[in-house]
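Derivation of every value follows stated rules applied to the coordinates shown; laboratory data play no part. Fair warning: this is a prediction, and the values are worked out from it, not measured in the lab. Positions of Cβ are backbone-derived with ideal geometry, glycine not excepted, and every protein chain shown enters the neighbour counts.
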Amino acid sequence: MSLVQDVTRARPAPAPRVNRWRLYRLEIRAEAMTLLRSPMFLIPTIIFPLLFYVVFGFTYMNQSAGNVRVPMYMLATYGAFGVIGASLFSFGVGIANDRASGWLKIKRVSPMPPGAFLLSKLATSLMFNVTIISLMFLLGATVGRVEMPAEMWLRLGLTLILGGLPFTALGLALGFLTGPGAAPALANVIYIPMSFASGLWMPYAMLPEFFQKIAPALPPYHFSQLALGQIGAAHDPNMLSHVLWLAGYAALFLFLARLGYRRDEGNAGL
């Protein structure tokens, strides 16, 4: 048998099998460890919402807001506040930093599955949301003496977790449309005033008249109303309306994120 025949009959070596689930797990773990080692992320996103809940929720422990006690009311509003912060800062600032450092370009040309980068960001954001809500529920149930049926605790927790998705889309848009220097400042400019004007820091009925007029146009207002609706304390009980508002905002933020991603992809020459 000639050498040419041997070469012709030789089969190419099979490509090494890649465990895609392991790649996803490693990417999620790396993203979580990066954020856990960053005090600039941990303090404002986890400590501040809990601190605000303790100060404002427990100061008026025996007073009522809506049809419930203040610690129960603010469990919903400060829960929404914490989820929005984690969604904006883990997504928005994280992606902006990855773009500026060139890390995102490296990931694009690496054999990593294309969706692993965004999935790791989303999974980490959800992980921090669950942590914030769990700690706040623990404070409310112990120090705040909030008592609810188990079903109501579960319904409120799920609403807070799922209601944060539009703000994850907003963080995605910020991350692709802004640079690392502007992203944290812009996130704060959006986060703090919008939370106050939407009634997350104080009951909607106590807001100045000007903010009561503009609140229904802001996404955190609809998020908080959905959460308050689970404990029977919503100012506007039309839950379908709040869901539609949030779905519309999510579509808008995803559209903006796609524009930013396309622009970034073009600049990267990939």
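Go through the range 27-127 and name the trypsin sites (Lys or Arg not before Pro) that are in a DSSP coil and have 16 or fewer other Cβ atoms within 10 Å of their Cβ.
Details: sites: Arg29, Arg37, Arg69, Arg99, Lys105, Lys107, Arg108, Lys121; in loops: Arg37.
Answer in residue order: Arg37.
State the volume of the convex hull built on the alpha-carbon positions of the chain, expressed per residue in Å³ and rounded to an integer. The partial results should precede the final answer.
Values: hull volume 45.5 nm³, N = 270.
So the per-residue hull volume is 169 Å³.
The distance linking the range 69-92 with the range 160-214 is 10 Å (Cα centroid to Cα centroid, whole angstrom). Within straight-line reach of Lys213, meaning a Cα separation under 28 Å, there are no lysines at least 8 residues removed in sequence or on another chain. Compared with the dominant Cα axis of the chain, that is its longest principal axis, helix 182-197 is turned about 30°.
When the Cα positions of Leu240, Phe91, Phe210 are compared along the charge dipole of the range 20-262, Phe91 comes out farthest toward the positive end, with charges on each C-beta of Lys, Arg, Asp and Glu.
When the helices of the chain are scored as -39500 (n - 2.57) per DSSP H run of n ≥ 4 and the total is divided over every residue, the value at 222 nm lands at -21500 deg cm²/dmol.
Under 10 Å, Cα contacts only: if you run a Gaussian network model on the chain, which one of Phe81, Phe58, Phe210 comes out with the highest mean-square fluctuation? So, out of Phe81, Phe58, Phe210, the one fluctuating most is Phe210.
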